[in-house]
Amino acid sequence: MARYTGPRTKKARAFGEAIFGYSKAFEKRPYAPGQHGTSRKRKQKSDYALQLLEKQKAKYTYGVLERQFRNLFKSAARKSGVTGEILLKFLEARLDNTVYRLGIAPTRRAARQLVSHKHITLNGIITNIPSAQLSPGDVIAVRGKSQSKAIIQDAVGGSKAEVRKYGWLEWNPDKMQGKFMEYPEREAIPEKINEQLIVELYSK
């Protein structure tokens, strides 16, 4: 399956949550899509449907393909600890997600594009792999000649830029670089994902 490029608000409405960020359209119609709107009675979802929906929500939130997601789950399952929490930690440790969390890009999709177009360095080396997994101590920076790009300037220092602060990240605005300090604890990750449902789905 290719990465989703369709209408994002419609997809967010299907999950009942603005997973792609704030949207006026979602605020106006925060119910499931369909011509009957809120008047249509919907059947109660089965356990499998709920588990699948949660997995899909996590995939769309982080912009991960099915094979990538499954491989991350397998890696998480091999680690000692709570598999679902480790899975979310791995998702948070992706390079594109960290670029977004640092505030270098306004969305994960924009962050993925910045990485793909070689505007980001990892430990001083230009990296164009959005799915690259970070380790504690890794340094993420905006490439020197890319620091003046409008999208980056607007995200980092514009008047409308959202200040994002996360305890597992450090940000130096003067150097336009950040550091991945450690894997975040589950309670520090703001995404409303029930990771236990994903574990149950893959455990069938």
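Couple of notes before you dig in:
- Scan of the stretch 21-61 for residues that are part of a helix (DSSP H, G or I), at pLDDT 60 or above and not hydrophobic (A, V, I, L, M, F, W, C), ordered by number: Asp47, Tyr48, Gln51, Glu54, Lys55, Gln56, Lys57, Lys59, Tyr60, Thr61
- Of all residues in the stretch 93-113, those being of a type in the set (A, V, I, L, M), buried (at least 24 other Cβ atoms within 10 Å of the Cβ) and in contact (Cβ under 8 Å) with a residue 60 or more places away in the chain number 2.
- When each of Val115, Val64 is tested for being aliphatic (A, V, I, L, M) and in a loop (DSSP other than H, G, I, E, B), the lone residue that passes is Val64.
Residue-by-condition table, conditions (1) modelled with pLDDT of 95 or more; (2) small (Gly, Ala, Ser); (3) within 13 Å of His119 (Cα to Cα); (4) surrounded by 15 or more Cβ atoms within 10 Å (Cβ to Cβ):
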site	(1), (2), (3), (4)
Val142	yes, no, yes, yes
Ile151	no, no, yes, yes
Lys160	no, no, no, no
Tyr166	no, no, no, yes
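The values are calculated or read from the model by the stated rules, or taken from the named source; none is laboratory data. Worth saying up front: this structure is predicted, and the values here are computed from it rather than measured. Using ideal geometry, Cβ is built from the backbone for each residue, glycine included, and neighbour counts are taken over all protein chains shown.
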